[in-house]
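Below: one structure, written as C-alpha cells.
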Amino acid sequence: MTASGAGPTGPHPVPPPGTAVRDTARDRVGVVVGHEGPDLRLRPLSGGREWNAGPEHVRPLSPAELLRARVAEANARSRQEPAAAERSGTGRGTGRSPGDGTFSGQG
C-alpha cells in the first residue's frame, strides 16, 4: 500500500486488515486478513476458508451492512443446530410421531 492509500494495481483504496468488506465479484462478506500479491486475502466473518479478491471488487461495509451480515450468519447457525440434534438423537427431534403409539396428543 502506498502513502496515498492506493493499492499496488491502481487507484483502488486497500482496506487494512480487520476491515469488514463486501467482495462484489462473489457477493460475499468477509474480513481482510492480509494481502497476497495485488489481491486481498479475505475470511468469512465467523471464520472459515479464506479466498482472494481483487481490490477493485472490494468495498468496506457500512455499520448497518455489517450488522445485517452478522444477523444473517447467526440465523443460519440457528437453523443448522436443530437438524444436527435430530440426526444425533438429542434435542427436539425424538423420532416419535403421533401415529406410532408413543404420543397421545393430550396434555
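The values are calculated or read from the model by the stated rules, or taken from the named source; none is laboratory data. The structure displayed is predicted, hence computed values, not measured ones. What goes into the accessible areas is simple: the full protein's heavy atoms, side chains included, and nothing from ligands, DNA or RNA. Shrake-Rupley method; radii C 1.70, N 1.55, O 1.52, S 1.80 Å.
What the table below lists for this structure:
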{"item": "Per-region count, the stretch 10-60, residues of a type in the set (S, T, N, Q) and modelled with pLDDT under 95", "result": "1"}
{"item": "Boolean, G47 is of a type outside the set (K, R), assigned to a strand (DSSP E or B) and open to solvent by less than 50 Å² (accessible area, probe 1.4 Å)", "result": "no"}
{"item": "Yes/no for S4 being polar (S, T, N, Q) and modelled with pLDDT of 95 or more", "result": "no"}
